[in-house]
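Working notes for the structure below.
The values are calculated or read from the model by the stated rules, or taken from the named source; none is laboratory data. Here the structure is a predicted model, which is why all the values come from computation and not from measurement. Cβ placement follows ideal geometry from the backbone for every residue including glycine, while neighbour counts extend to all protein chains displayed. Heavy atoms of the whole protein, side chains included, go into the accessibility calculation; ligands, DNA and RNA do not. Shrake-Rupley method; radii C 1.70, N 1.55, O 1.52, S 1.80 Å.
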Amino acid sequence: MGAAVARWTVAAVLLQVAGLSLFLYGFFPVKPTLSGFSGTESYGMPSCSPVGAGEQEPALPPNQLRSLYRELSGVPPVYDRLMLMVIDGLPAEFVLGRGGKPPSKEMMESMPYAQSLLAGCKAAGYHAKAAPPTVTMPRLKAMVSGAIGGFLDVAFNFNTQAFLEDNLLGQLHRIGCKLVMLGDETWIKLFPTLFARQDGVSSFYVRDTVEVDFNVSRHLEFELAAKDWSVLVLHYLGLDHVGHIGGRRSVLMAQKMKEMDDVIRQVHAASLQDNLERTLLVVVSDHGMTEGGNHGGSSYEETDSLALFIGHSVERPHCSPYDQNEALQVDLAPTLALLFGVPIPKNNIGVLLPELFNSLTDEQKLRTLELNSWQISRLLQAQIPAFCLEDCINSEDGLGIDVRHESIEKKFCHLLYNAFASHRSSRLHQGSDFKSDEARYVATAADNYYGFLRYASEWLSHRATDKPFYLLISAILMMAMSCLCLMGTMSHLFKVQALSQADHHSDSYLDQRWHLDEVFILTGIFLYVISLGSSSFVEEEQYTWNFLTSTLYLIFLIKTVQSMLKGSNSTLVHRVKGKSSDRNNFSYAVSYELTPGKQDGYKLCTVLTVLVSGRVIRAWHQGGINWVHFPDISKLLAQADSSIVKSLQTISVLAVVALYSVSLMLLRARSKFVIGIWLSHVSCGILVLMHIWENQINTVLPVNHSTSIARLFYATASVSISATLLASPWIFPIYSTEAKPASSDSNPVKHADSHGISNSVFLTGITYTVFWCLLQLLLQQPINAIPLLLIFLQTVSSVAHFSLDKTLHKQWVQGIALQFLGMAGHFGLGNTNSLASIDVAGAFIGISSYSTVISGILMFIITYGSPLMLYLGMVIYISVNGCDDISTRWQLKQRYILDKMVTLPCLLPLLVNSVALTSYTIVLLLMRNHLFVWSVFSPKYLYVCAATVCTYVGVFVIAMTAAYNCAVFSFRARSYRDTSH
């Protein structure tokens, strides 16, 4: 049966992977774009006839092309030189305040020069909303192309490829502008051939807050004195790294902002000395940051990016510097394109910012709006085949269209007709003696243009890309078939087990009634699946898992108390005692040394430990997204003295070391190999303590010695775990003694064989779990030390509770309970379904430079530390529950033992994950046009996919460990029998 189950399980997993890959390909396609670069055609009205995808005007020398653009546009370039300064991660409210109120006193004092420019009306500041995902690479693309990228750009952010779409830098390069770039190497990866001079720094090694900015500023004096460039890009990363390490309120934040303000002063002073009229300084940020300093999601704090323009065209006599001037990040591309006299990028959906064109005449301002409208219209024609600009303008009844009941193309026609009609009227009244009438017509035309542009921009930005519906349905059917296959396999397994139990007259399954814990688990999983259709439940999923886990263990507590009151455990214990009196198992397996009273006490203590630990973990991090501002233990510790947090970390490490030592003592193995494993574990604990005490909380770049400590830990832990896995089945005896057993008495051989496998798997499992816990204590945020210790205690206590009385809960209930604990711990460590909660800083501990693969693995390890710990704990579970009823010769075969140890612990996680994955895939398809599809449902789907990978990894470790141990014991038994004959 085991081979058949394995084949069906592997087939189901492969089918699930194929369905998931197909769905991801269909649901997250590469967004459709217009190919090529805008050219001279962008200065003429779009025609309704289709244009060839690759058609471009003949190539002209840069100087001629610049002159041709200037002649056709009708709008003179306002500037000749651009200084684009990107301050990564700077929230706009740090500079512009929030809700019409100025920023805090500390923030204003941190950037005095920028504040003086705003107060003196020499700069225009905007809260430029960034679209999710709020990570660097897609935000830079949006700023230079005006296009919103696909959602999966969050994945491509870690492995940037060359950007081939139409963009502002490419347009400037075509007219002969010389570009220089200093800072984040993402620019170099996006535009590998555009920069005449460049000096890139890694944007992902977030432990560096000093050198990463010094490498940019050290070139400033030379570049500001140079006269050969037209575009200077400066991308400073230090402020973003400060946020990742210490959050918004880091002690380094004000210092870093003062450093950025000094750079603004230096750059602006150079532009004043050079040529005041022809240089524009633009200070922008790619995204904001949460209170904890992370980003990636769609909250206001993450999307609130800065756009600050300093130049002669924005100066005005009167201004309100802290008004909530709002824009979109994509508005930067059309604004800069028209200010510098180049065509607007083809795929731009942004709208130019009018306050930056104060130096132009009214007719020139309307011309810029007309050019922006023509460019947007071309994009609309590509998206809506029925839409045609010529037909809209020539329509005589355009003003009579009822936009409330017409199709979307009719609505766009109506808005465009109004804009062009009012523009014609303003031309007719140009030079009129009545200046007030002329100004009124110009204002009306501008309002109509902006009405069309904003409506079209919003429609384009929120329009879901066309998805191949039948392809998505096919993918879901594949995943549903995989889920049904796993259900069928599980059902067949239960039937076979029930028949086997009945044949052997087992008391464990004499009572086939549904119990409260079983009904609750099935009901809870059903309610969880239903909750996935609610955006609020998705955002606050931690409440679902806290409720399910705490209630399930409360039911376990009730059942334990009931069993104690009935006094029924005494008979069962003595029956098991009779079966295993000749076995020398560890204490929290079915131990013959425990009296019924002691067993009841231990059962009660273990379940209470899980409940109390769960309540503390629940209070550690408050809320997921909507209630994150509420007070909790982690916030109190963040404000406390660093020595308190370090003390808690030290206590956690010492407790883990002590628990491991006790576990090895209970194993009663005194071989040199086990002592060596214990010594390596103690060494790793010391290394973690050294790392803790050498790293200050909320401080700058860690010393190199700390990196060496982390690397030494990785090496020691890897060697110890590998050695334990490979050697443990060789050190335990296959029989009670190495002497040949008597042929007349075979029972001791059987029991001793099972006992050796159990001890070997137990040693491997406890080593896995403890070293994983130490790794988490090394990588996780310092305030998570106690929750990690409590999750470890929950794991050990749960295994102990289940092993003390195997008849109290069915085996599938026990396996799902461990999964519930893993998910509750996942959210208890501060994780949410927002990409912003991913801990980027911890992914660079122990590495001195950025590596996509290594950093990605460490990020995954940190994020799924709790579920993986419970999967590793399941290896301990199978060691104390997998061989409890092996009592006959045919059951001692390798396949049977492997089936008893592996089948159910591997099938359960795969089935539960398959139900969640298939259900949420259906939800995502139904919500494909929902307002929150990209901000709530899609990020959650990425977490579901990552949880699937986590499940595969956990199941592989369980299966691989058990299979290797069984194979070695089978080989040793055959060799022993061969040498005995």
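Key figures
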read-out	value
Count - residues of segment 905-929 that are over 21 Å from the mean Cα position of the chain (by Cα) and modelled with pLDDT under 85	1
Test: residue in segment 196-207 that is outside any strand (DSSP E or B) and among the β-branched types (Val, Ile, Thr)	yes
Enumeration of residues in segment 608-629 that are within 27 Å of the chain's Cα centre (by Cα) and either over 14 Å from THR832 (Cβ atoms) or assigned to a helix (DSSP H, G or I) (or both)	SER613, GLY614, ARG615, VAL616, ILE617, ARG618, ALA619, TRP620
Subset of segment 79-123 (residues that are within 17 Å of ASP286 (Cβ to Cβ) and either part of a loop (DSSP other than H, G, I, E, B) or open to solvent by 50 Å² or more (accessible area, probe 1.4 Å) (or both))	ASP88, GLY89, LEU90, ALA92
Residues that are open to solvent by 20 Å² or more (accessible area, probe 1.4 Å) and either touching a residue at least 12 places away in the same chain (Cβ under 8 Å) or under 25 Å from the mean Cα position of the chain (by Cα) (or both), drawn from segment 180-194	GLU185, ILE188, LYS189, PRO192, LEU194
Unique match (being modelled with pLDDT under 85, more than 30 Å from LEU24 (Cα to Cα) and part of a helix (DSSP H, G or I)) among PHE494, PHE556, PHE520	PHE494
Matching entry among GLY341, GLY293 (being surrounded by fewer than 22 Cβ atoms within 10 Å (Cβ to Cβ) and on the phi > 0 side of the Ramachandran plot)	GLY341
Some residue of segment 806-815 being in contact (Cβ under 8 Å) with a residue 12 or more places away in the chain, farther than 24 Å from MET490 by Cβ, assigned to a helix (DSSP H, G or I) and in contact with a Phe, Trp or Tyr (Cβ under 8 Å, 6 or more places away or on another chain)	no
Residue identified as open to solvent by less than 60 Å² (accessible area, probe 1.4 Å), under 23 Å from LEU911 (Cα atoms), at pLDDT 85 or above and not aliphatic (A, V, I, L, M) among TYR528, TYR543	TYR528
Residue match in segment 266-281 (condition: open to solvent by less than 20 Å² (accessible area, probe 1.4 Å) and within 30 Å of the chain's Cα centre (by Cα))	no
In segment 352-402, residue modelled with the lowest pLDDT [restricted to those that are exposed (fewer than 14 other Cβ atoms within 10 Å of the Cβ) and of a type in the set (A, V, I, L, M)]	LEU399
Subset of segment 635-678 that is open to solvent by 60 Å² or more (accessible area, probe 1.4 Å) and not hydrophobic (A, V, I, L, M, F, W, C) - its residue that is nearest to LEU793 (Cα to Cα)	ARG668
Criterion violated by PRO132 - all others in (1) outside any loop (DSSP other than H, G, I, E, B); (2) buried (at least 22 other Cβ atoms within 10 Å of the Cβ) satisfied	(1)
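Conditions (1) open to solvent by 20 Å² or more (accessible area, probe 1.4 Å); (2) over 26 Å from PRO133 (Cα atoms), marked per residue:
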| residue | (1), (2) |
| --- | --- |
| THR769 | no, yes |
| LEU788 | no, yes |
| VAL796 | yes, yes |
| SER803 | no, yes |
| LYS810 | yes, yes |
| PHE827 | no, no |
| THR832 | no, no |
| ALA843 | no, no |
